[in-house]
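Here the structure is laid out as structure tokens; the discussion comes afterwards.
The numbers here are math on the coordinates, done by the rules we state, and not lab data. Bear in mind the structure is a predicted one, so any value in this text is a computation, not a measurement. Please note: Cβ atoms are built from the backbone with ideal geometry, for glycine as well, and neighbour counts cover all protein chains shown.
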Amino acid sequence: MTSEQFRRYGRQVVDWVADYHDRVESLPVAAQVEPGQVGAALPEHPPERGEPFEAVLADLDRILLPGITHWQHPSFFGFFPANASGPAILADLLCSGLGVQGMLWATSPACTELETQVMDWLAELLGLPDRFRSAGRGGGVIQDTASTAMLVALLAALHRASAGEAGRTGVGCGRYAVYASVEAHSAVLKAVRMAGLGDGALRSVEADPATLAMRPDRLEAAVAADRAAGTTPAMVVATVGTTSTTAIDPVPRIGAVCREHGAWLHVDAAYAGAAAVCPELRWTHAGVGEHADSYSMNPHKWLLTNFDCDGFWVADRSALLGALSVLPEFLRNAASESGAVIDYRDWQIQLGRRFRALKLWAVLRWYGADGLREHIRGHLALAQELARWVADDPRFEVVAPHPLSLVCLRLRGTPGGSGEAADALNAELLRRVNASGGAYLTHTRVRGRHTLRFAIGGTHTERRHVAAAWQLIRATADELLPGRPAVGPRVG
Ligand code: PLP
């Protein structure tokens, strides 16, 4: 592709993306295809001769778009949001254009130094203490996802717990244990498996039935039992904002247990971490600054930075570097050996790395702290308003605390009906809402019962989208419960 062709098609692509964002609201939120439909529309064999780029764009519209679930649709309320934004998209293009590999400082110094600065900035914006900043013994690095951050934290924890032996001699079955709430993300179990500890090393700690947050007394008991049996408590994961309900584990008390027993504390704030840009929401992070050995949050969820971008910080980088530094001859260079530079390959699993700091830099500069706070506060207010609407309709219940922008709700079911029947009713409600194309929600189980998750946080989501989705849910409930029409006020 010549630079002239690149310019021509580049303009078309930028226009395509801008038009897409303008019109995404008019498309059904969820993909409207059957399994195999997209694959069947694609040619069986790769093209023998090159094709014009117009053909790629035409097939994007014709074949792929119907198979896309529109995460940037303002009525996408499933999972947690995956914010895309103009500055992040443009910076991603610059990243691709530069095409650098930032594995070592020497392979592109600006790539490393911008990342260090941007991670220090973000630590400041989130109110993280100085010990997580690069000037001291700690520091931040961009990982691809919170799941990778979890594994990296565990490898550092095992390194520390084994006085540096785990990497060389292996972890052995039953020697180390990892603790997390039953409500913690499945990424904990995955990390335990990937680290070679085996599923049996994970202790799922009971959660408080009201708050759905980890019970520190149960954690303490599990850790003490392990120590008495000769098993080393390697890492405790505290979640700030669980995936099912955004429950907030009591980090100060969990941290005290970790300190007493020498366990590494990793705080997973994948979604809720973004809230800490607002000083009035920092209570969600109580104890993190004092107790966490590592902390991660995803700007790619709720902080306007396109996937993938996870911020991961450690209070003391020595265990991380000890666990992950392996130095082959072909990577040796004078700058690394001088000790004056950071080589982020030693802070992550992969060797190669993209220039992800560019998009975070662009986002922080474009929106500024004020813009980011406005983004979070707007969604928070919408969620609190939605929770009031739900509470006003006696057919529904809000099933968990909603400190941030996720509201968990369900239909109460019919009087005298079984829990299973109510679950089936809620599953059907969700199916119909999503099939309508007007909104998209996902589900979880709260205290064993099927629950709808209404996660507000899209880049373009406004009050009217939340109100319309709530009306859609109520109208669908009218269909499912013909004898029990809505009684709460209409909204929107
Ligand atoms: N931890 C929590 C609390 C999450 O909610 C999620 C995803 O929703 C993850 C971890 C995994 O995130 P990622 O996709 O970045 O690995």
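List of remarks:
- For segment 289-306, 3J(HN,Hα) per residue [Karplus equation, 6.51 cos²θ - 1.76 cosθ + 1.60, θ = phi - 60°, Hz, x = Gly/Pro]: x, 7, 10, 6, 7, 8, 8, 9, 8, 10, x, 6, 8, 10, 10, 6, 10, 3
- Taking segment 196-227 and a reference point 7 angstrom along Cα→Cβ of VAL182, the backbone N atoms nearer than 14 Å belong to 203-216, 218-219.
- Residue order, fewest to most surrounding Cβ atoms within 10 angstrom, among TYR179, TYR344: TYR344, TYR179
- Distances between placed amide hydrogens fall under 5 Å for SER85 paired with ASN306, all partners being 5 or more residues away or on another chain.
- Centre-to-centre separation between the Cα atoms of segment 208-273 and those of segment 12-59: 45 Å.
- Summed side-chain charge close to TRP313 - residues other than TRP313 whose Cβ falls under 13 Å, Lys, Arg +1, Asp, Glu -1: -4
- Scanning residues 5 or more positions from GLY413 or on other chains, none has an amide H under 5 Å from its amide H, with H placed 1.01 Å from N in the peptide plane.
- Sequence-distant residues sharing a close amide H with TYR179 (under 5 Å, placed H): ARG203, MET235, VAL236, VAL237
- GluC sites (Glu not before Pro) restricted to DSSP loop in segment 1-73 with at most 14 other C-beta within 10 Å: GLU44, GLU48
- Footprinting exposure proxy for GLU34, GLU428 (fewest neighbouring C-beta atoms within 10 Å first): GLU34, GLU428
- Site pair ARG62 and THR231 shows an inter-label distance of 5.8 nm when each label is modelled 7 Å from Cα along Cα→Cβ.
- A crude spin-label estimate for the pair SER418 and SER3, with each label 7 Å from Cα along the Cβ direction, gives 7.1 nm.
- Whether segment 68-201 is rounded, prolate or oblate, judged on the alpha carbon gyration tensor where a/c under 1.5 counts as rounded: oblate
- FRET efficiency estimate (nearest 0.05) - Cβ-Cβ, GLN101 to ARG49, R0 45 angstrom: 0.90
- Size descriptors for the chain, from the alpha-carbon set: Rg then Dmax equal 24.1, 78 Å.
- Hz values of 3J(HN,Hα) by residue in segment 425-430 - Karplus curve (6.51, -1.76, 1.60), Gly and Pro given as x: 4, 5, 5, 5, 4, 5
- Total charge dipole magnitude, the chain, about the Cα centre, Cβ charges on Lys, Arg, Asp, Glu only, Debye to nearest 20: 700 debye
- Shape class for segment 41-144, computed from the alpha carbon gyration tensor (a ≥ b ≥ c): oblate, with a/c not under 1.5 and a/b at or below b/c.
- Ascending count of other beta-carbon atoms within 10 Å, so fewest first, for LEU212, LEU90, LEU351, LEU42: LEU42, LEU351, LEU90, LEU212
- Cα gyration tensor shape of segment 245-376, rounded if a/c is under 1.5, else prolate or oblate by comparing a/b with b/c: oblate
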